[in-house]
Every structure is written in C-alpha cells, then in structure tokens.
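Engineer: Below is a structure I'd like to ask you about.
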Amino acid sequence: MLTGGTRLGPYEIVAPIGAGGMGEVYRARDARLHRDVAIKVLPEAVARDPERLARFEREAQVLAALNHPHIGSIYGLEEADGVRALVLELVPGETLAERIAAGPIPVDEALAIARQIGDALEAAHERGIIHRDLKPANVKIAPDGMVKVLDFGLAKALSADGSAPDVTHSPTLTAQATQAGVVIGTAAYMSPEQARGRPVDKRSDIWSFGAVLYEMLTGRRCFEGETVSDVLASVLRQDPDWSRLPAETPIQTRALLRRCLERDPKKRLRDIGDAWIEMTPEAPAAASASRPRGSPLAWIAAMLAALAVGFAAARWLSKPPASPAGVAVHSVVPLPAGTRLAGWASPVVAISRDGRALAFVAQKEDERAMLWVDRLDTGEARVVPDSDSAEGPFFSPDGQWVGFATNVSGEGANGTGAIRKFSLATGLTQVVARIPDYYGGSWGEDGTILVAPSTTEGLWRIPADGGSPDTSLQSVLWKGKPARRALTWPQRISPQLVMLCQEGDSPWGGAAVLDVPSKRLEPFAPEVSFSRYTSDGHVLLFRPDRTLMAARFDPASGHMTGSPVAILKDVANGGNGAAALAVSDNGTLVYATGFIRRSGIEPTRLARLSEKGEIELLPFAADAFGVPMPSPDGKSLAVITFDGSVWIYDLVRQVRSRLPLAGRRAQGLTVVWSPDGSAVAYSVSAEGEAGWSVCRQRADGGGPPEQIVPAGGEQFPLAWTPDGSFLVVMQYETPRLVLASVDRSAPPRKIVDANVSGASLSPDGHWLAYAYRDADGWRTVVDRTDGSGPRVLLAAGTQDPRWSPDGRFVYCWREDRLLRVPVSAGARILASTPEELFRVSNLRGSSVAPDGRSFYAVLLPPDSGIVRELHLVTNWFSELERLSPARSR
C-alpha cells in the first residue's frame, strides 16, 4: 500500500483510487508534465517473476501504441524501491458499472456509449490486440459523455503465459477469489470459448460487447448465477432472456445482440466495425420493435429508415426506399464496412440525374481514398479501378459515366494529376486529360467537361473523349474588367450559364454565375463557399456555419427571387468549403453530416506533445487553426485561424491577442517568427490585389503589416534566416522556393524548383530541409540554402520537415507518424536511419518547441473525419418546396 507523498520516479502519489484483480490503483501527479495520472501497481506475482515481467513489458509496449480517443492510454512503466507500476491516463467520471447500478440506460444513450466502445475495440482489433476482460467496470464515462475503455489487453499481459487460456488464468479471478461479486461479474462477460479454456480471438471481445450492451439496456446481467460455476454454466448453455429488452429497442439492435451473443464463434459477428451502423444515436427514433411513435405516416418513414440500416443490409443499401408521391422519405446509407468518407479539396458525393446511382469517395484506415459507385436500382456497389487518391466525382448527363480527379491534392498526391472517367457499363477507367490541380468538374450535354484545374487558372473545357483543354475561360470579366478570379465547384445549368463559387472579400467568397459567351461573372450571394442549382428551380447555398440555405432562383436573370431559408444543419464540408451533398433531377438528395478529415475548417485544439507522443491539451478554446509556431523563447505561439486572423497566444498568462491586419485577411497556414521574437511574417490578401502578399508585423501588434513580397498568386513564408535578413517563401504557382529580402533591398532569389510541403532552416542557416513531390511521391531532403547541393535524401514518403534547435535532428511526418532523422552538418550533411517516435492519428499540423524535445500541434476532435454513413432523401423536392416555396415570404 502506497501512501500520499510517496514518489515513484517523477510521479507523486496523491491518494488511493481502488484495488482490483490487476493491482492497486492510485491517483498521482506528474511533476514533469503537470498533470494527474493513474498509477497501477503490478501484482506481486508479476513483479517478482522476471520472465513474466519481461513478457509483460513487451506486451505493455504494444498496448501503449493504442493511441485512440476511446482507449485509456498507457503512458509508461516505472520502478522505484522494488515497486513496479503502470502509468495510465487518469479518466474522470463514473464507471459504466456505476452508471448501470442506477438502473437501465435509455436506448439512445446506451447506443451512443456502445458505439464508442465499438470504436475502441475496432482500433485495437485492427492492431491484433484483444481486450479479454471487457466489462462495465472497465469502461469509464467522463462528465462530457466521452467513453474510455480501460485495461486493454492487460488480461493477457498479466497472465502466467501470455495467453490467458482459461478461467483460472484470468487475473481478475485469481487475485480476488474471495470476492464473489467481482469474480461472478468477470465470469458474466466471458465468451463460451474463454469459459472452456480455449484460445480466444477478437470474437471473444464481440461476445463481451454484446453482454455489456444487453446489461446497459436491461439493467441486468445477461448471464447470472449465485456462484462462478452457475454463471459459467449460464454462459455455456442458457439463452439470454430477450424479453427483458425495453420495448423501444430497435429491431436492428436486437439483431445485433443476437449476432454478438452467438455461442458458435463461426456464426458470431466477425468484425465489430460491422456493428457501427446499428449503434447510431438516431436508431431508437428510427424504429421500434413493438410500438410506433407519432403519426402513422411518420412511423412508416421511420421504419423505412430503420430497414435501410437493418442488419441484413449492414454492408450497403440495396436500393432507395420506395416512397408515396409527394412524401419525402429519409433513410441512412451506411458506407462499406471499415471505410469513412474522405475528401481533400472537392465535393465527395455525387448522384446521377435520374437518381439511380451514387458516387462517393471513401477510404479505409492507412489506405488512400478510392471512388465507389453504387447502383441504387440494382443494389450493386463496387470500387472504381484506377481511382487511387480520387477526388470530386461527377456524373455524365446520361448517368453512364462518372468523372473524377486523381493525384491532385492532399495525402497521396504524386504530381500526376488527371481527370478520369469510369464506365458503369464496362467497369473500366480511362484518363481524359492531365490537370495541375482540381476544384470541381461538371459534364455538359455538349460532350465536354468543365473543370476548375486550380485556384488561379479559371476554368478549362476538356473533351470528354480526351484531347487538349480549351483554356479560353481562364480569365473572366469582373465589373467589366479582365480579372483572374479563383473559381471553384462549377455546375452547368445551361449551355450558356455556369453556377460556381468565386474568390471574394470574405473568408468564404461567394456564389456567382458565369455567362460563358461573354465571360461575364455576376455574384449573387456573399459568404457562400458552395452552391448548387436544382431542377425544381432552387439554389442551395452552403454557409460558413455548415448550414445549407435554399432560395428560389431564376437562371434567366442569374438572381435569386426569394430570400434564402435554412433547410439543413451540420452538413459536412468535403474540403475547401465544398459541401458533401448532391441532388438528382428527380428530387433525390444525398448528403453527409459532421466533419470530414482534413477539410480545413474543423474545430481543432492546440496541444503540446512530448517526445513519447503524450498529449497535453493547451487551455485555449477550440478554433480552426493553422500550424502553431512557438516564439524563440517558447513563451508564445503564433497561429492563423480560418477566419483570416493572426493570433498570438501567451502560454504563460494563458491569454491571446489578435494582430490588427489593417483590413487584410491572413492566408495559408503558416506564421514564422523573426529570430529575436519581435516580429512575425505571414501571407495576406486584400481587395484589389491579385493574389497574396507576404508581410511582417510586430508581434505585440504595435504597428500595421509591412509588405515584404508583393502580391502575386499563392505564396507564404516558411522560415526566417537566423540573421533576420531573409525569408524562405513558397510560391505555389511556379512552383518554387525563393529567398526574399526582408528590407526589400533585392528581388526574391530562387533556390528550389519544386512543389514543396514545408521547409526549415538549420540553426546556422547554411542548410535547408524541405519536402518536395515528384512522380514517385513526397520525400524530405536537405540542401544548401543557396541550392548548390549536394542534396541528401532524409526520408521518402514524408512531409513537413522541422529542424531541431540544436541542429542534431530533422523531424518529419510520414502520414500520422513522426520520424526523427539524426543529422550532422559540416562540409556536407551526414544523415542516419530515420526512427519513428510516435503516431498521432488526429493531427493537423505541428512545430518543434524550443527545447527540441517536445512539439506544438493542432489536433482534430476525437471523432473528426469519421463519417461512416450518408443520408438519402427521396421525394425531397416536396420537402424543399414546403421549406422554401415559390412565393417569397
């Protein structure tokens, strides 16, 4: 028993929390990171057995890799004065067992908890880790509703031989054999194969998951008995009492429970991911096993929605639900098992004009995004070949082809951007044309595809059968004068008229129509990033708060004929402001809600990461942050937010201040500090300027921005030379890196010809680390700052390099893994083998702290980017007319 004040390495014991079969647990204070942790002292049988201890440490290292928002983290192992202990995340709140003790949990709440438990299990199972002791006592519910599964894999780690083959080897059972309630409680969640002492796999966890869900819904254990033998006999022979389930339990949830609690593992649900669609919080409202709610018509619609996500159609919806004329019917379309909606800078869903086929971009964990096409009329769904790193699908007018882009932006891009088309008839894909980038496409009746190939190239018309692009729409007329405006997400609404969005004075620009013959651009709705014309005469407008508005629209005049009305909230952003929605000509709407990973406007958190990947959230409110950059003294962070502001965060006083930008709007993601910490540099745009300029400004906000590099396309600073004389600036349009004189005494000088993702100078300023992209993908290299070489490869497949302040390392990211490359710089660079430090799956950007051993980062919310279903609404025009009628209100 440890007493308060006892030190275990850097941890000071505060108070005991409790004792269990896996050891005594204490609250402790981490003196290094100034946070509270849980200390779990290992059982004596493990601590004194060198073989078991060595195996336990190996197992704990594997478990520590489970970095997941719904899994209690393992921070490390500590030893002091013969005491061996695990350092664990301290999760506030009550256990699920304590919550159930108060009575059955309402269905919607129980399913929300179960879904989070399922997320945790899936993440572990994908890494080959089985919990083996899942039960309500090992699940914590934080005050904000966040669920954490504890003690992952420790049943195996603490067992005598690592396999936990039978009941007697369960640590919970052996350590507390005299506490019958605890023993019986553990046995109640064992799978039949575990109770028989047979080898277990992830299906054993699925059985336990079913037992836990049953108990949440009923308030009673699924398998009961007065002794351990009675409980195990119930597990092996007795069927659950299904009559205990509340009457409002959805049909699909009942089916899920039966699949989870199937005694034969071969017949049991094989993957916990397949259960997700049964655990949406909306499910209880969608269906009831015994009684309808509300009007008969509403109940029919709800039942159709439930059937759409029923277990028999768990992998995909076979066809759109039939609906009576004039009645809009809502249903949920689950994405293929193990996938999530994905998007970098374009719409991620499309629907054919006749509403018979869907196209969407989805990806599996650690894989690139692929295009999927589902024939709603036949139930046939398939992955489109040659659609690796797909973006922005759009259908041909006859619905027989799907156009899309590949290798144009974001993760997986490799510099070979192309427009491709996929034939629904032949199942084959072919290249239409090469493009530099992609911001949406539209297939016209004339057999050409209208594409926004970049944010500066206007529009291209490309023959759908292939051929050279017509670039006559690269420049348009704005207020009667030629102007190169950034045009995105084009939609042809007639041979002469294109609806699109345009670069504007606000962060989101606005919706506009382009008259193709005259090249005249006419805006009609400000503060809009995505717009779509519908065949019933409406325009849909996507606003910054992810609200979808609708108004009547007259194509002849190019103006709205009524005031916009809000019709949908929480519509997902597919990237750069493109809404994840599409509408067919016959009134079928498909859309997603929530956030899509890396879409750019997610609310994110500022955090500090240790060298081991331990996360400490900073005490500042969430916002849509760029990359946080620490001041040279480490006391402040400078960061851009999506609304175009530049903020200075005081880490000591925990306050922030916004720099006055004199009517300009900050652009890009990067802010860089001057070597003395007195100033920052960043990119801005202003009305009347063609592109972005690079400015510097006093960090205390005591003066206006001073222009260093004149406006011209997209350009942004990446590093400040140690002597304060130059800035390393990325000019995206060329693309190239240049050295720009801070006092403007000389024109910018080119140092690298490449599309660069991140650059960092060595402390002495002689060497430049940067990541560039070619036909083989991204790679991080080091070159002399003057570009004279020789260039040295540090790590392939990596981006965003950062030099450590002492010059000994270059840090870079390979997707969500941080690598450290030891380097030595003299007459030439010598680099050692890259080593992986840690993995952070929800990271958006990072920088190295001045201490060289920690990092500042922007983290996505735990569930950001996990969109696993689409919403489908048939006969939607009837609902749209009701919400936004022809006559303006």
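The values are calculated or read from the model by the stated rules, or taken from the named source; none is laboratory data. Because the structure is predicted, anything quoted here is derived from the model rather than measured. Neighbour counts are summed over all protein chains in view; Cβ atoms, including those assigned to glycine, are modelled from backbone coordinates with ideal geometry. Side chains included, ligands, DNA and RNA excluded: accessible areas come from the protein's heavy atoms. Shrake-Rupley method; radii C 1.70, N 1.55, O 1.52, S 1.80 Å.
Engineer: Condition (residue is in contact with a Lys or Arg (Cβ under 6 Å, 6 or more places away or on another chain) and not charged (D, E, K, R)) applied to segment 804-823: is it met by at least one residue? I'd like the intermediate steps shown before the answer.
Structural biologist: Taking segment 804-823 and keeping what is in contact with a Lys or Arg (Cβ under 6 Å, 6 or more places away or on another chain), we get 809, 811, 816-817.
Checking which are not charged (D, E, K, R) leaves us with 809, 811.
Yes: segment 804-823 contains one or more residues that are in contact with a Lys or Arg (Cβ under 6 Å, 6 or more places away or on another chain) and not charged (D, E, K, R).
Engineer: Name the residues in segment 376-401 that are over 14 Å from THR339 (Cβ atoms), part of a strand (DSSP E or B) and not charged (D, E, K, R), would you?
Structural biologist: GLY392, PRO393, PHE394, PHE395, TRP401
Engineer: In segment 783-807, what residues are touching a residue at least 40 places away in the same chain (Cβ under 8 Å) and over 20 Å from VAL672 (Cα atoms)?
Structural biologist: The one that is touching a residue at least 40 places away in the same chain (Cβ under 8 Å) and over 20 Å from VAL672 (Cα atoms): LEU794.
Engineer: Same structure, new question: List the residue pairs whose Cβ atoms are under 7 Å apart, where the first residue sits in segment 584-596 and is open to solvent by 10 Å² or more (accessible area, probe 1.4 Å), the second is among the β-branched types (Val, Ile, Thr) and in a loop (DSSP other than H, G, I, E, B), and the two are 6 or more positions apart or on different chains.
Structural biologist: Final answer for the pair search is GLY594/VAL867.
Engineer: A further question on this structure: Scanning segment 798-813 for residues that are of a type outside the set (Phe, Trp, Tyr) and either at pLDDT below 90 or open to solvent by less than 30 Å² (accessible area, probe 1.4 Å) (or both), which turns out nearest to SER762 (Cα to Cα)?
Structural biologist: GLY807
Engineer: For segment 59-79, check the following and say yes or no: at least one residue is in a helix (DSSP H, G or I), at pLDDT below 90 and charged (D, E, K, R).
Structural biologist: yes
Engineer: Still on this structure: Considering only residues that are modelled with pLDDT under 80 and not in a loop (DSSP other than H, G, I, E, B), look in segment 312-358 and name the one that is farthest from ASP437 (Cα to Cα).
Structural biologist: Selected residue: ALA312.
Engineer: What pairs come up if the first residue lies in segment 565-576 and is under 22 Å from GLU881 (Cβ atoms), the second is of a type in the set (A, V, I, L, M) and assigned to a loop (DSSP other than H, G, I, E, B), and their beta carbons are under 7 Å apart, counting only those six or more places apart or on different chains?
Structural biologist: What qualifies is VAL571/ALA580.
Engineer: Another question about this same structure. Quick one: in segment 437-452, of everything that is in a loop (DSSP other than H, G, I, E, B) and touching a residue at least 24 places away in the same chain (Cβ under 8 Å), which residue is farthest from the chain's Cα centre (by Cα)?
Structural biologist: ASP446
Engineer: OK, next. Restricting to segment 699-754, name every residue that is assigned to a strand (DSSP E or B) and open to solvent by 60 Å² or more (accessible area, probe 1.4 Å).
Structural biologist: Kept after step one, since they are assigned to a strand (DSSP E or B), are these residues of segment 699-754: 706-709, 713, 715-720, 726-731, 736-741, 749-752.
Within segment 699-754, GLU706, GLN707, PHE726, ARG736, ARG749, LYS750 qualify.
Engineer: Within the set of pairs 6+ apart or on separate chains, which have a first residue in segment 246-268 that is over 14 Å from VAL212 (Cα atoms), a second that is crowded, with 19+ Cβ neighbours inside 10 Å and β-branched (Val, Ile, Thr), and C-beta atoms under 8 Å apart?
Structural biologist: Going by the 8 Å Cβ cut-off, the qualifying pairs are PRO246/VAL107; PRO246/THR218; GLU248/VAL107; THR249/VAL107; PRO250/VAL107; GLN252/ILE277; GLN252/VAL309; ARG268/ILE206.
Engineer: Turning to a different aspect of this structure: Under the condition of being among the acidic types (Asp, Glu) and under 21 Å from LEU341 (Cα atoms), which residue from segment 538-582 is most open to solvent (accessible area, probe 1.4 Å)?
Structural biologist: Filtering segment 538-582 for residues among the acidic types (Asp, Glu) gives 545, 554, 570.
Filter again for under 21 Å from LEU341 (Cα atoms), leaving 545, 570.
On the way: ASP545: 92, ASP570: 63 Å².
Taking the candidates together, the pick is ASP545.
Engineer: Something else now. Quick one: what pairs do we get from segment 502-514, first residue on the phi > 0 side of the Ramachandran plot and assigned to a loop (DSSP other than H, G, I, E, B), second at pLDDT 85 or above and small (Gly, Ala, Ser), C-beta under 8 Å, 6+ apart or different chains?
Structural biologist: Cβ pairs passing all conditions: GLY509/SER529.
Engineer: Checking ARG844 against (1) in contact (Cβ under 8 Å) with a residue 40 or more places away in the chain; (2) in a strand (DSSP E or B); (3) over 21 Å from LYS364 (Cβ atoms), which single condition isn't satisfied?
Structural biologist: Among (1) in contact (Cβ under 8 Å) with a residue 40 or more places away in the chain; (2) in a strand (DSSP E or B); (3) over 21 Å from LYS364 (Cβ atoms), ARG844 violates only (3).
Engineer: Hey, can you tell me all the residues within segment 631-684 that are polar (S, T, N, Q) and touching a residue at least 40 places away in the same chain (Cβ under 8 Å)?
Structural biologist: So the first thing to find is which residues in segment 631-684 are polar (S, T, N, Q), and the list is 631, 636, 641, 645, 654, 657, 667, 670, 674, 678, 683.
SER631, SER636, SER657, GLN667, THR670, SER674, listed by residue number.
Engineer: Among the listed residues LEU793, LEU843, LEU859, identify the single one that is farther than 25 Å from PRO619 by Cα and among the hydrophobic types (A, V, I, L, M, F, W, C). Break it down into steps so the answer makes sense when it comes.
Structural biologist: Details: LEU843 fails: farther than 25 Å from PRO619 by Cα; LEU859 fails: farther than 25 Å from PRO619 by Cα.
Every option except LEU793 fails the conditions.
Engineer: Oh, and also: Under 9 Å between Cβ atoms, which residue pairs at least 6 apart in sequence (or on different chains) link something in segment 731-751 that is touching a residue at least 40 places away in the same chain (Cβ under 8 Å) with a partner that is among the charged types (D, E, K, R)?
Structural biologist: Cβ pairs passing all conditions: GLU733/GLU714; LEU739/ARG749; LEU739/LYS750; LEU739/ASP786; ALA740/ARG749; VAL742/ARG696.
Engineer: Give me the strands (runs of 3 or more DSSP E) completely within segment 601-698, filtered to those with at least 3 residues that are open to solvent by 10 Å² or more (accessible area, probe 1.4 Å), ordered by residue number.
Structural biologist: 615-617, 646-650, 655-658, 665-673
Engineer: Among the listed residues VAL408, VAL361, VAL373, identify the single one that is of a type in the set (A, V, I, L, M), open to solvent by less than 30 Å² (accessible area, probe 1.4 Å) and part of a loop (DSSP other than H, G, I, E, B).
Structural biologist: When all the criteria are applied, what remains is VAL408.
Engineer: Can you tell me which residue is farthest from ILE105 (Cα to Cα) among those in segment 255-275 that are of a type in the set (Lys, Arg) and at pLDDT below 90?
Structural biologist: LYS266
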